[in-house]
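Reviewing the structure listed below.
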Amino acid sequence: MKKRTSKDIFADTLLALAKQEPLERITVKQIVEESGLSLQTFYNHFHDKNELIIWIHRRVGERTLAKIEKGSYSFHELTEDVIRVFSENAGYISTGFGLSPENRYLELSAEIVYKLMAAFVQRRSGQTELSEEMDFYLRMYITAGLHVFSEWSRQTQGIPAERLAYYMEQGMPEKLKPYLLET
């Protein structure tokens, strides 16, 4: 089992705190106190809370990309994992999307998901670069999907996660389906 780093501890602490109160009210001081680590340790790794938020998001993206690169990860599994992350971290994610523009949370989310999906399409198509058309459809689908997931995670009684995954697959542009859906 991999040892948890200071960064992991700060991330887990922030996510736990976000289940109790809105993200914008959580301070670096609270994160440090709850983590049991020092303020200096926090600042050795992160400039501020927003940088920690971005690091958490990248960590999730990198773990997912590693699954895709292994080659045994279907689009349906990817969609279910994204929905699960949104569901388990609804308060954190919905607040993150509402943070100040300089945070770039939504833009960063789109960049991370794009890299994941582009890697998926490239692996399935055997191409090293996406065409302009494929790039457009992928970016459009990702942007719309992130908004749908964000809205879904804010609803206390929305549609079930399994149905949301189904709708996401059905709403996919036809040009992406051969590369993302199992045939």
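Within the set of pairs 6 or more residues apart or between chains, which connect a residue that is in contact (Cβ under 8 Å) with a residue 12 or more places away in the chain inside region 123-140 to a residue that is open to solvent by 90 Å² or more (accessible area, probe 1.4 Å) with Cβ atoms less than 7 Å apart?
Note: pairs meeting the criteria are Glu133/Lys175; Met134/Lys175; Tyr137/Lys175.
I need the full set of residues from region 31-73 which are of a type in the set (Gly, Ala, Ser) and under 24 Å from Leu106 (Cα atoms), in order please.
Answer for region 31-73, where residues must be of a type in the set (Gly, Ala, Ser) and under 24 Å from Leu106 (Cα atoms): Gly61, Ala66.
Restricting attention to region 128-183, and to residues there that are closer than 17 Å to Phe75 by Cβ, among the small types (Gly, Ala, Ser) and open to solvent by 30 Å² or more (accessible area, probe 1.4 Å), which single residue is modelled with the lowest pLDDT?
The selected residue is Ala161.
Across region 15-30, what is the total count of residues that are closer than 19 Å to Leu108 by Cα and either outside any helix (DSSP H, G or I) or at pLDDT 85 or above (or both)? Quick ask: steps written out before the conclusion?
Keep residues of region 15-30 that are closer than 19 Å to Leu108 by Cα, which gives 15, 23-24.
Then drop every residue that is not either outside any helix (DSSP H, G or I) or at pLDDT 85 or above (or both), which leaves 15.
Final tally of qualifying residues: 1.
The values are calculated or read from the model by the stated rules, or taken from the named source; none is laboratory data. The structure presented is a predicted model; accordingly, all values stated were derived computationally and were not measured. For neighbour counting, all protein chains shown are included, and Cβ atoms are generated from backbone atoms with ideal geometry for every residue, glycine included. SASA here: full protein model, heavy atoms, side chains in, ligands and nucleic acids out. Shrake-Rupley method; radii C 1.70, N 1.55, O 1.52, S 1.80 Å.
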